[in-house]
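The values are calculated or read from the model by the stated rules, or taken from the named source; none is laboratory data. Remember, it's a predicted structure, so these values are computed and weren't measured experimentally. Cβ placement follows ideal geometry from the backbone for every residue including glycine, while neighbour counts extend to all protein chains displayed. Surface accessibility is based on the protein's heavy atoms, side chains included, excluding ligands, DNA and RNA. Shrake-Rupley method; radii C 1.70, N 1.55, O 1.52, S 1.80 Å.
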Amino acid sequence: QVQLVESGGGLVQAGGSLRLSCVASGYIFSFNSMGWYRQAPGKQRELVARITRGGTTTYADSVKGRFTISRDNAKNTLYLQMNSLKPEDTAVYYCNADHLSLAYWGQGTQVTVSS
């Protein structure tokens, strides 16, 4: 069983930055992949960024050039650095891990960007 705990969300003005963190209970270097998803009110959950065990990263077009996903295997922590935030980035952000063909989710952290 993998547990994921997100932190770092909050209220920020447009153009500002936030860094989300996700601490995992397991050894993240062994996970097939990890990622960040988000869900805005009335919308479906969508992929924001993903990083594979080998370090390959994938980003949603809407965040390319603004967000950076990274991980610290020694700390079992996944990060999402978010710069140049826009009001449309407002959502609950969820950490996800793909491990042994199972998907694990954190409880989510709220990010609100004011205009």
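A few points about this structure:
- Residue list for the stretch 90-108, restricted to those being over 13 Å from VAL48 (Cα atoms) and either buried (at least 20 other Cβ atoms within 10 Å of the Cβ) or of a type in the set (A, V, I, L, M, F, W, C) (or both): ALA97, LEU100, LEU102, ALA103, TRP105, GLY106
- Per-region count, the stretch 65-89, residues open to solvent by 40 Å² or more (accessible area, probe 1.4 Å) and either within 13 Å of GLY35 (Cβ to Cβ) or not aliphatic (A, V, I, L, M) (or both): 13
- From ILE28, ILE51, residue being aliphatic (A, V, I, L, M), modelled with pLDDT under 95, more than 18 Å from GLY15 (Cβ to Cβ) and surrounded by 15 or more Cβ atoms within 10 Å (Cβ to Cβ): ILE28
- Per this entry, GLY15 is not counted among residues that are more than 15 Å from VAL2 (Cα to Cα), free of Cβ contacts under 8 Å to residues at least 40 places away in the same chain and of a type outside the set (Lys, Arg).
- Residues within the stretch 101-114 that are at pLDDT 95 or above and outside any strand (DSSP E or B), tallied: 3
- Answer from GLY35, GLY16 - the residue that is at negative phi, open to solvent by less than 50 Å² (accessible area, probe 1.4 Å) and not in a strand (DSSP E or B): GLY16
- Contact map, the stretch 36-48: residues that are under 15 Å from ASP61 (Cα atoms) paired with residues that are open to solvent by 60 Å² or more (accessible area, probe 1.4 Å) and in a loop (DSSP other than H, G, I, E, B), Cβ distance under 9 Å, separation 6+ or inter-chain. Pairs shown: TYR37/ARG45; ARG38/ARG45.
- Among (1) out of contact with any Leu (no Cβ under 9 Å at 6 or more places or on another chain); (2) closer than 16 Å to GLU6 by Cα; (3) of a type outside the set (Phe, Trp, Tyr); (4) touching a residue at least 60 places away in the same chain (Cβ under 8 Å), the one test that ALA97 misses: (1)
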